[in-house]
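The values are calculated or read from the model by the stated rules, or taken from the named source; none is laboratory data. This is a predicted model, so every value here is computed, not measured. Glycine gets a Cβ as well: all are built from the backbone with ideal geometry, and neighbour counts include every protein chain shown.
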Amino acid sequence: MRLAHLHLPHTTPFARVSELQQALTTRFLTHKKLAGSISSQTQPIVPGNAPPPDPTIITFSPNPVYTTGRRDLPPSNTCPYSESNNISLPLPLEPIRSLLVPSGPNHTPKAEYHPTLRGGQTTYHGPGQMVAYTILDLRRLGLTPRCHIRVLENSVIDILKQYEIRGFTTADPGVWVQDGSAEKKITAVGVHLRRNISSFGVGLNVTEEPMWFFKQIVACGLEGKEATSLQGLGVKDVGVDEVAERFVERFVERVNRDFTGEKINEVYSVQESDLLGSS
Amino acid sequence: MASVARAFRPIASRAFAQKPVAPISAVAPAFRFPRGTRSFSQSPLAQVKKYTESHEWIELDGNKAKIGITKYAANSLGDVVFVELPEVGLEVSAGEPVGAVESVKSASDVLSPVAGTVISGNAVLEDNAKTINASAEGEGWIAEIEVSDVAEVEALLDEAAYLETVEEH
């Protein structure tokens, strides 16, 4: 099986990535539906007739954005984006309303707000952070939802190792590091699944730029826990592009080594236009 | 009086149901008929439990059905920390979400196996999401719906067929 990697080298609006991700998951779900209706008629699926879409990883850094998970919202499984234009905020973001809502005609808010359907709670994404979204059929890769989260976390831990940092997991999800006497969070994890098709993924702090934004909120519902970054831990001259490349390598390595499902034998780069073109 | 009314109702609904061109789904209202008049098979449809490939179960009782996720799904998700329940009155088609189950950091949609209207969500899960881990196919049901077409339930996987899909992987 081949894996597509879309890296967005410039800071990208979160809504744009959301759209791309939506287009991809829709393609997976449509394929599943078709394949399912064939098999339920007890006809054999002709191999190669309609190949499933390739698993895809999107790596990017968005403009500053706070995203909330499912738990932060009232039931909303039919409409992920509220019609009330940023006016009603979920509780965890109420204290930073002034950062999110324009206070005058010439005032641009410091950050955006996007509710999502992923697991996990409120977090921040922005410049200086490598966000990786994995859009894949867990079933085809032989991953359970729990294993998938572990692969995401372990891929990050493997990257950290390359920078001689020891990352670990705790009872609280995500990837943590020891900084002096404190455990600090370097990566947040949150995934959405429908029919075993995963979307969303991880956010790994590369530079110190996201720190100010993390300090404004209680990230992931964890009171009193601080965030950190590769740069904050002493890694010099490190950039998002390099970390994105490494993430995909480590992810493929982990999937191929730790699981018995179909192997990923090739990674190829795609452009935005490739993904939106042929749907 | 009440018992008289009850006795008549089935006949009235029968006349009513038969007037329009008999639907293909004539099995649907079967439970409303007086016993014996329209039985299509020896095993009555009331109390049927079926499964989907996306790991939901549905248990029919009359034209109502409870929906939940399978034991297998609950095990592979791990500790459930949050359950999103559907709103009462929500109309769903087969394959549309009627809620979500969140564990570790994955939120998994729960899809309705058949078309219907949500009657209730299982409030027990609001306070104790882990009920799903303890009893995925019992106390941990997620939604109760009024099924639009009971025949749709029958077309789903039975337990053996479902377990086969699980074992493949």
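Values computed for the structure shown
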{"read-out": "A:Tyr163 being in contact with a helix residue (DSSP H, G or I) (Cβ under 9 Å, 6 or more places away or on another chain) and under 22 Å from A:Phe213 (Cβ atoms)", "value": "no"}
{"read-out": "Selection count where residues are in contact (Cβ under 8 Å) with a residue 40 or more places away in the chain and in a loop (DSSP other than H, G, I, E, B), scope segment B:140-156", "value": "5"}
{"read-out": "Residues (more than 30 Å from A:Thr169 (Cβ to Cβ), surrounded by 21 or more Cβ atoms within 10 Å (Cβ to Cβ) and more than 8 Å from every other protein chain (Cβ to nearest Cβ)) located in segment B:75-97", "value": "B:Val92"}
{"read-out": "Within segment B:45-100, strands (runs of 3 or more DSSP E) holding 1 or more residues that are small (Gly, Ala, Ser) and in the same structural domain as B:Ala160 (by TED's automatic domain parsing)", "value": "B:64-69"}
{"read-out": "The one condition in (1) within 14 Å of chain A (Cβ to nearest Cβ); (2) in contact with a strand residue (DSSP E or B) (Cβ under 8 Å, 6 or more places away or on another chain); (3) farther than 29 Å from A:Thr170 by Cβ that B:Ala123 fails to fulfil", "value": "(2)"}
{"read-out": "Residue match in segment A:93-114 (condition: within 14 Å of chain B (Cβ to nearest Cβ) and either in a loop (DSSP other than H, G, I, E, B) or at pLDDT below 95 (or both))", "value": "no"}
{"read-out": "Number of the condition not met by A:Pro52 [criteria: (1) closer than 26 Å to A:Gly203 by Cβ; (2) out of contact with any Phe, Trp or Tyr (no Cβ under 6 Å at 6 or more places or on another chain); (3) modelled with pLDDT of 65 or more; (4) not aromatic (Phe, Trp, Tyr)]", "value": "(1)"}
{"read-out": "Any hit, segment A:192-207, residues being crowded, with 22+ Cβ neighbours inside 10 Å, among the polar types (S, T, N, Q), more than 14 Å from every other protein chain (Cβ to nearest Cβ) and under 20 Å from the mean Cα position of the chain (by Cα)", "value": "yes"}
{"read-out": "Filter pass, A:Ile186 being modelled with pLDDT of 95 or more, in a strand (DSSP E or B) and either surrounded by 15 or more Cβ atoms within 10 Å (Cβ to Cβ) or more than 10 Å from every other protein chain (Cβ to nearest Cβ) (or both)", "value": "yes"}
{"read-out": "Count of segment B:48-72 residues which are of a type in the set (Gly, Ala, Ser), more than 9 Å from every other protein chain (Cβ to nearest Cβ) and in contact (Cβ under 8 Å) with a residue 40 or more places away in the chain", "value": "2"}
{"read-out": "Scope segment A:249-259; condition of a type outside the set (Phe, Trp, Tyr) and surrounded by fewer than 23 Cβ atoms within 10 Å (Cβ to Cβ); matching residues", "value": "A:Glu249, A:Arg250, A:Val252, A:Glu253, A:Arg254, A:Asn256, A:Arg257, A:Asp258"}
{"read-out": "Conditions (1) out of contact with any Ser or Thr (no Cβ under 9 Å at 6 or more places or on another chain); (2) within 12 Å of chain A (Cβ to nearest Cβ); (3) more than 28 Å from A:Leu143 (Cβ to Cβ); number of the one not met by B:Val104", "value": "(3)"}
{"read-out": "Among the residues listed as A:Glu153, A:Glu164, the single one being part of a helix (DSSP H, G or I) and either surrounded by fewer than 24 Cβ atoms within 10 Å (Cβ to Cβ) or at the interface with chain B (Cβ under 10 Å from one of its Cβ atoms) (or both)", "value": "A:Glu153"}
{"read-out": "Flag if B:Glu53 is surrounded by fewer than 24 Cβ atoms within 10 Å (Cβ to Cβ), more than 30 Å from A:Glu153 (Cα to Cα) and either among the hydroxyl-bearing types (Ser, Thr, Tyr) or more than 11 Å from the chain's Cα centre (by Cα) (or both)", "value": "no"}
{"read-out": "Selection status of A:Pro13, within 25 Å of A:His192 (Cβ to Cβ) and at pLDDT below 85", "value": "no"}
